[in-house]
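S.K.: If you scroll down you'll find the structure; I have some questions about it.
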Amino acid sequence: MSEMNPYDMLRVGIYGGTFAPIHNGHVEAAKAFMEQMKLDYLFIIPSYLPPHKQIDAADDPLLRLKMCELAFEGVDGVVISDVEIKRGGKSYTYDTVKELMRPDTRLFLLLGTDMVLTFDKWYRSEDLFKMCYPVYVRREKDPLITNRIVSKITEYYEKYGVMIRRVVTEPFVVSSTEIRAAIKDGKDISHLVPKKVADFILERGLYK
Ligand code: ATP
């Protein structure tokens, strides 16, 4: 097939994570990603088993998927995908990108700071650099981390010839770990997650 005109190509974003639970940091980053990379569609993909961290024994991936649906209800162009949950086993982004690749599509992969700093340790990251455009978003405000990110990005550029794109937005500083801990302590989390997600967590008694 001859090369497509780049203007005719679909622009599709991938934002994967454990999302246990999905929070405002994820939602804000996803929206900025869609807007700044001019995405036609954004796939939000909760992992089945994250390869890099332990997940709670009581975890139910379908509940994490449901919370993603609630968080993005009514947001045009966002597709909540169960590809990783359906596939089962360890959720390698390489497998997911391979599954979503199309000749008429450019894939953009969103990475938060922690993920961009460790991207070269991911399964088949060298291939991933060729299969999609990695994009990073800051999740913290610590200026000391800026230097670490810049030198990592330079390292990737020298090693793989790929420059990581950047989504620029005011970070919403929060983690799922922090939210689970707050719930255990009986604290209010309504300012940290979308309202429908907060109601769902409460109704189902999750993360207690
Ligand atoms: P946990 O605390 O359970 O490790 P987490 O808050 O880091 O979870 P994940 O589901 O592991 O959330 O993150 C999925 C993706 O979202 C990763 O690329 C991560 O860097 C990014 N991310 C997480 N929190 C934020 C945030 N506050 N702002 C922007 N990106 C974020």
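The values are calculated or read from the model by the stated rules, or taken from the named source; none is laboratory data. Remember, it's a predicted structure, so these values are computed and weren't measured experimentally. Cβ atoms come from the backbone with ideal geometry, glycine included; neighbour counts cover every protein chain shown. Surface areas here come from the heavy atoms of the whole protein model, side chains and all, with no ligands, DNA or RNA. Shrake-Rupley method; radii C 1.70, N 1.55, O 1.52, S 1.80 Å.
S.K.: What translational D, rounded to a whole number of µm²/s, comes out for the range 112-208 from Stokes-Einstein when the hydrodynamic radius is the Kirkwood one over Cα pairs, at 4 °C and 1.567 mPa s?
M.R.: Working: Rh = 15.7 Å.
Estimated via Stokes-Einstein, D reaches 82 µm²/s.
S.K.: OK, next. Report the one residue of 34, 52, 68 whose Cα lies farthest in the direction of the positive end of the charge dipole of the range 28-77 (charges on C-beta: Lys and Arg +1, Asp and Glu -1; origin at the Cα centre).
M.R.: It is 52, whose Cα lies furthest towards the positive end.
S.K.: Here's a follow-up. Once the Cα gyration tensor of the chain is diagonalised, what are the square roots of 5 times its eigenvalues, in whole Å and ordered largest first, as equivalent ellipsoid semi-axes? Intermediate values should be presented prior to the final figure.
M.R.: Working: eigenvalues 159, 77, 56 Å².
Its equivalent ellipsoid spans semi-axes of 28, 20, 17 Å.
S.K.: What FRET efficiency comes out for residue 58 versus residue 7 if R0 is 41 angstrom and r is the Cβ-Cβ distance? Round to the nearest 0.05.
M.R.: Working: r = 48 Å, r/R0 = 1.17.
Efficiency computed from Cβ-Cβ geometry: 0.30.
S.K.: Using only protein heavy atoms and a 1.4 Å probe, report how much of residue 34 is accessible, in Å² to the nearest 10.
M.R.: Counting only protein heavy atoms, residue 34 exposes about 30 Å² to solvent.
S.K.: Of the listed peptides 95-101, 130-136, what is their order by residue-averaged count of other C-beta atoms within 10 Å, with the highest listed first? Don't skip to the end; give the middle numbers.
M.R.: Details: 95-101: 15.7, 130-136: 18.7.
By packing density, highest mean first, the sequence is 130-136, 95-101.
S.K.: In whole angstrom, how long is each semi-axis of the equivalent ellipsoid of the range 8-48, when you take the square root of 5 times every eigenvalue of its Cα gyration tensor and sort them from largest down?
M.R.: Working: eigenvalues 83, 31, 4 Å².
In descending order the semi-axes read 20, 12, 5 Å.
S.K.: Return the Rg/Rh value of the range 12-78, two decimal places, where both radii are evaluated on C-alpha atoms and Rh is the Kirkwood radius. Mind dumping the intermediate values first?
M.R.: Values: Rg = 12.2 Å, Rh = 12.5 Å.
Result: Rg/Rh = 0.98.
S.K.: Something else now. Could you check the simple spin-label distance between residue 31 and residue 95, using points 7 Å along Cα→Cβ, in nm with one decimal?
M.R.: Each label point lies 7 Å from its Cα, and together they span 3.3 nm.
S.K.: Amide H of residue 18 versus every other amide H placed in the peptide plane: which residues, excluding those fewer than 5 positions away on the same chain, fall under 5 Å?
M.R.: Counting only residues 5 or more places away or on other chains, the set is 47.
S.K.: For the chain, give the magnitude of the charge dipole about the Cα centre (Cβ charges: +1 Lys/Arg, -1 Asp/Glu; no others), in debye to the nearest 20.
M.R.: Values: 30 positive and 30 negative charges, 64 e Å.
Rounded to the nearest 20 debye, it is 300 debye.
S.K.: Of the listed peptides 187-193, 142-148, what is their order by residue-averaged count of other C-beta atoms within 10 Å, with the highest listed first? Write down the numbers at each step before the final one.
M.R.: Working: 187-193: 14.9, 142-148: 10.6.
In descending order of packing, they fall as 187-193, 142-148.
S.K.: Hey, another quick one. Out of the DSSP beta bridges found with both residues in the chain, what percent are antiparallel (nearest 5)?
M.R.: Details: 0 of 23 bridges.
Once the DSSP bridges in the chain are tallied, antiparallel ones form about 0 percent.
S.K.: Right, here's the next one. Post the alpha-carbon centroid distance, the range 34-110 to the range 130-208, in whole angstrom.
M.R.: The range 34-110 and the range 130-208 have Cα centres separated by 15 Å.
S.K.: Could you tally the net charge around residue 175, taking each other residue with its Cβ under 10 Å from the Cβ of residue 175, Lys/Arg +1 and Asp/Glu -1?
M.R.: Details: positive: 139, 180; negative: 114, 140, 178.
For residues surrounding residue 175, the net value is -1.
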